[in-house]
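These notes are about the structure you will find just below.
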Amino acid sequence: MDLSTRYLGLTLKHPVIASSSPLSETLEGIKLLEDSGASAVVMFSLFEEQIRYENEAFDYLLDSGCDSFAESLNYFPHIDRSPKEPDHYLKLVSKAVEATDIPIIGSLNGVTSEGWIDYARQIQDAGAHALELNIFFIPTDIDMLPSDVEQRYFDILQAVKSSVSIPVAIKLSPFFSSIGNMAKRLDEAGADGLVLFNRFYQPDIDLDRLQVDSRASLSTPEEIRLPLLWIAVLYGRIEASLAASRGVHSAKEIVKYLLAGADVVTVASALMKHGPQHLQTLVNDLEQWLSARNYHSLDEVRGVMSRLNATNPEAFERVNYIKILESFDNTLAGGNYAATP
Ligand SMILES: Cc1cc2nc3c(=O)[nH]c(=O)nc-3n(C[C@H](O)[C@H](O)[C@H](O)COP(=O)(O)O)c2cc1C
């Protein structure tokens with residue numbers, strides 16, 4: 001069975017990548033991910049805030065009314081503000097590249113295009129095979145125009161692309177008014193890959209303590225539906241590689257993402273839940289699913305259920321939504337209330 005795939009111009013032995021998570025925070029963790037079968041590892045993120053703590057510019061930004069920084073410090077209270085952090089990150093990238101035989105993808109998480117982008121080049125110099133940019137921007141300023149929010153993505157991409165030669169993927173938010181157009185323009189602007197989607201911080205409220213509950217939660221398989229839709233819509237229409245990120249807990253989700261058109265899937269929550277060894281189960285089960293149906297390579301399944309190739313492309317359109325509502329069966333969906341005619 002040929003499970004090999006191409007992602008960001010790299011050849012991977014299979015499509016299951018370890019997503020950015022605390023599992024890659026140590027060299028031992030990264031080696032365990034490789035030993036457990038990851039075809040590539042996306043490192044945990046180096047945050048713009050961590051870099052800024054090292055630079056005097058940080059104080060200036062806090063003072064200049066750029067709320068997103070102050071807010072994001074609350075989103076990531078675990079950030080170690082030690083000035084050594086960026087340096088430690090670069091050393092870890094370098095050691096990981098030396099100690100493993102799989103691609104190591106650095107990860108930068110930020111929201112502006114100035115003052116920290118230099119770390120993209122430093123991550124490249126440390127030996128990373130590619131870079132993932134997680135632009136974790138939450139525009140809580142309601143006067144900010146959508147075009148300004150979008151422009152941040154292009155400014156960051158352009159600044160990074162002009163300073164590195166390794167491939168660059170963008171981990172994208174689903175919260176754009178035209179996500180397809182955003183993906184198309186990022187592709188045209190030189191993104192080598194799009195990771196769909198970033199799992200955004202969404203706080204809850206603790207009713208007992210009347211406090212904002214900002215704990216991170218793990219994903220569930222149901223969360224594949226949004227990335228699945230957009231991967232199916234984008235497949236065959238942009239040059240950039242497509243990585244599915246969200247909700248992969250078993251081989252079923254992997255197969256669905258491949259059928260929609262993903263080049264790779266990335267996994268974090270399932271590995272946090274079951275341990276890195278779960279990677280091997282995922283790959284074995286994927287292989288079994290394919291051989292049981294007489295497939296010999298991923299190319300035979302990739303994109304078969306995309307909007308471009310599906311026998312009923314309207315399944316991805318609004319008209320289908322209306323049909324679903326008309327034929328909705330509450331009992332089949334798990335409810336037990338039947339309205340009397
Ligand atoms: C505990 C935890 C830490 C994470 N840290 C990062 C991070 O540092 N950078 C990043 O881009 N994504 C991070 N993520 C997001 C994951 O890489 C992934 O995109 C997201 O969880 C969806 O995939 P999943 O359903 O397999 O978890 C983290 C996720 C979890 C659960």
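The values are calculated or read from the model by the stated rules, or taken from the named source; none is laboratory data. Note that this is a predicted model, so its numbers are computed, not measured. Backbone-built Cβ (ideal geometry, glycine too); neighbour counts: all protein chains shown. We work out accessible area using only protein heavy atoms, side chains counted, and drop any ligands, DNA or RNA first. Shrake-Rupley method; radii C 1.70, N 1.55, O 1.52, S 1.80 Å.
What the table shows:
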{"quantity": "Test: residue in the range 320-328 that is of a type in the set (Gly, Ala, Ser), over 30 Å from His14 (Cβ atoms) and out of contact with any Pro (no Cβ under 6 Å at 6 or more places or on another chain)", "calculated": "yes"}
{"quantity": "Residues located in the range 93-121, provided they are open to solvent by 10 Å² or more (accessible area, probe 1.4 Å) and assigned to a helix (DSSP H, G or I)", "calculated": "Ser94, Lys95, Val97, Glu98, Ala99, Asp118, Tyr119, Arg121"}
{"quantity": "Hits in the range 247-265 (condition: in a helix (DSSP H, G or I) and without any contact (Cβ under 8 Å) to a residue 60 or more places away in the chain)", "calculated": "Ala251, Lys252, Glu253, Val255, Lys256, Tyr257, Leu259, Ala260"}
{"quantity": "Residues within the range 291-318 that are in a loop (DSSP other than H, G, I, E, B) and touching a strand residue (DSSP E or B) at 6+ places or on another chain (Cβ under 9 Å), tallied", "calculated": "2"}
{"quantity": "Boolean, Leu286 is in a helix (DSSP H, G or I), farther than 14 Å from Asp2 by Cα and open to solvent by less than 30 Å² (accessible area, probe 1.4 Å)", "calculated": "no"}
{"quantity": "Counted residues, the range 128-152 - those being more than 21 Å from the chain's Cα centre (by Cα) and not in a helix (DSSP H, G or I)", "calculated": "6"}
{"quantity": "Every residue from the range 153-172 that is surrounded by fewer than 21 Cβ atoms within 10 Å (Cβ to Cβ) and within 16 Å of the ligand (Cβ to nearest atom)", "calculated": "Leu157"}
{"quantity": "Selection count, the range 189-244, where residues are in contact (Cβ under 8 Å) with a residue 40 or more places away in the chain, away from the ligand (no atom under 13 Å from the Cβ) and among the hydrophobic types (A, V, I, L, M, F, W, C)", "calculated": "10"}
{"quantity": "Unmet requirement for Ile179, which otherwise passes all of (1) within 16 Å of the chain's Cα centre (by Cα); (2) open to solvent by less than 30 Å² (accessible area, probe 1.4 Å); (3) within 16 Å of the ligand (Cβ to nearest atom)", "calculated": "(3)"}
{"quantity": "Scan of the range 267-279 for residues that are over 16 Å from Val195 (Cα atoms), of a type in the set (A, V, I, L, M) and crowded, with 19+ Cβ neighbours inside 10 Å, ordered by number", "calculated": "Ala270, Leu271, Leu279"}
{"quantity": "Hits in the range 245-266 (condition: near the ligand (Cβ under 6 Å from one of its atoms) and either over 16 Å from Gly193 (Cβ atoms) or out of contact with any strand residue (DSSP E or B) (no Cβ under 7 Å at 6 or more places or on another chain) (or both))", "calculated": "Arg246, Gly247, Val248"}
{"quantity": "Strands (runs of 3 or more DSSP E) wholly inside the range 1-55 that include at least 1 residues being more than 21 Å from Ala216 (Cβ to Cβ) and either more than 17 Å from the chain's Cα centre (by Cα) or basic (Lys, Arg) (or both)", "calculated": "5-7, 10-12"}
{"quantity": "Of residues in the range 5-35 being of a type in the set (S, T, N, Q) and over 21 Å from Leu90 (Cβ atoms), the one nearest to the ligand (Cβ to nearest atom)", "calculated": "Thr5"}
